[in-house]
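Here's the structure, in structure tokens; my notes come after.
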Amino acid sequence: MLCSLALLLPVPVFARVGKDLTSTRCLSLHNLHTGERLRNVPYCVKGTYQVDVLAELNHLLRDYRTGEVTTIDPRLFDLLYLTESNLGVCTEIEVISGYRSPATNALLRRRSKGVAKNSLHMQGRAIDIRLPGCGLKRLHRAAVELRLGGVGYYPKSNFVHLDTGRFRLWQGV
């Protein structure tokens, strides 16, 4: 589980946003469905992911409908960290959706055609967020500039989707 970030993300990405591989990376998350918060948790220290903190983050991002917890791709936390860094902010990220069990994904697909059948949410590789005090367009633009994964823009639903899949862009409702 412990791995060097150097194997997962290229150095130029960190250089572009003024970060290096040896810095301590922290996040603050607020799950809007459960009300739970983690504040300023150091998920990666000196290039090493912190297993205990990752477990806390996995729990926070669980499927709130079923209680099911999965292992979230640590690169997703890096993507959140880099997006905030690109914006020049460090704030509490509001989580609309993290992990989704296959049952929850199927339920959501029945309610909306905008839910992918093989959603990366079911693999712990996607998250839907917003940042208080940061406009949705600005958040979207900051994530797109990184070119590190999928970025969906949902202005009517008031969130941005980020994932660790290949770089691609789309707009939803």
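The values are calculated or read from the model by the stated rules, or taken from the named source; none is laboratory data. Note that the coordinates shown come from a computational prediction; the quantities given were computed from them, not determined experimentally. In this analysis, Cβ positions are derived from the backbone assuming ideal geometry, glycine residues included, and neighbour counts consider all displayed protein chains.
Looking at THR24 and the list (1) at pLDDT below 95; (2) surrounded by 13 or more Cβ atoms within 10 Å (Cβ to Cβ); (3) of a type in the set (S, T, N, Q), which single condition is not satisfied?
(2)
Please go through the range 35-56 and give me each residue that is within 17 Å of the chain's Cα centre (by Cα) and hydroxyl-bearing (Ser, Thr, Tyr), ordered by number.
Listed by number, the residues that qualify are TYR43, TYR49.
What about LEU139, is it in contact with a Leu (Cβ under 6 Å, 6 or more places away or on another chain), outside any helix (DSSP H, G or I) and surrounded by 13 or more Cβ atoms within 10 Å (Cβ to Cβ)?
When the stated conditions are applied, LEU139 does not pass them.
Restricting to the range 80-139, count the residues that are out of contact with any Ser or Thr (no Cβ under 7 Å at 6 or more places or on another chain) and aromatic (Phe, Trp, Tyr).
Result for the range 80-139: 1.
In the range 52-93, what residues are within 24 Å of ALA143 (Cβ to Cβ), touching a residue at least 40 places away in the same chain (Cβ under 8 Å), charged (D, E, K, R) and not in a helix (DSSP H, G or I)? So that I can check it myself, show each step before the final result.
Going through the range 52-93, the residues within 24 Å of ALA143 (Cβ to Cβ) turn out to be 53-54, 56-58, 60-64, 70-93.
Then drop every residue that is not touching a residue at least 40 places away in the same chain (Cβ under 8 Å), which leaves 54, 58, 61, 63, 70-87, 89-93.
Restricting the remaining residues to those that are charged (D, E, K, R) gives 63, 73, 75, 78, 84, 92.
Hits for the range 52-93 are ASP63, ASP73, GLU92.
Considering only the range 48-74, how many residues are under 21 Å from LEU131 (Cβ atoms) and buried (at least 17 other Cβ atoms within 10 Å of the Cβ)? Give the steps one after another, and end with the answer.
Step one: filter the range 48-74 for residues under 21 Å from LEU131 (Cβ atoms), giving 53, 56-57, 60-61, 64, 72-74.
This time we only want the ones that are buried (at least 17 other Cβ atoms within 10 Å of the Cβ), so: 53, 57, 60-61, 64, 72-74.
Residues that pass the stated criteria total 8.
State which residue is nearest to GLY149 (Cα to Cα) when the search covers only the range 57-85 and only residues that are under 15 Å from the mean Cα position of the chain (by Cα) and polar (S, T, N, Q).
Kept after step one, since they are under 15 Å from the mean Cα position of the chain (by Cα), are these residues of the range 57-85: 57-63, 70-85.
Now narrow it down to the ones that are polar (S, T, N, Q): 58, 70-71, 83, 85.
Values: ASN58: 20, THR70: 20, THR71: 18, THR83: 11, SER85: 16 Å.
Among them, the one singled out is THR83.
From ALA103, ALA116, grab the single residue that is aliphatic (A, V, I, L, M), more than 14 Å from GLY152 (Cβ to Cβ) and surrounded by fewer than 20 Cβ atoms within 10 Å (Cβ to Cβ).
On the way: ALA116 fails: more than 14 Å from GLY152 (Cβ to Cβ).
Checking each option against the conditions leaves just ALA103.
Find all pairs meeting these conditions: Cβ atoms under 6 angstrom apart; at least six residues apart or on different chains; first residue within the range 139-157 and closer than 20 Å to HIS121 by Cβ; second residue in a helix (DSSP H, G or I) and of a type outside the set (A, V, I, L, M, F, W, C).
Hits for this filter: ALA143/THR83; TYR153/HIS140.
Quick check on ILE96: is it in contact with an Asp or Glu (Cβ under 6 Å, 6 or more places away or on another chain), outside any helix (DSSP H, G or I) and among the aliphatic types (A, V, I, L, M)?
Numbers: in contact with an Asp or Glu (Cβ under 6 Å, 6 or more places away or on another chain): yes; outside any helix (DSSP H, G or I): yes; among the aliphatic types (A, V, I, L, M): yes.
Criteria met by ILE96.
Would it be correct to say that VAL173 is modelled with pLDDT under 95 and more than 23 Å from THR71 (Cβ to Cβ)? Don't jump to the end; show me each part of the working.
Values: modelled with pLDDT under 95: yes; more than 23 Å from THR71 (Cβ to Cβ): yes.
Criteria met by VAL173.
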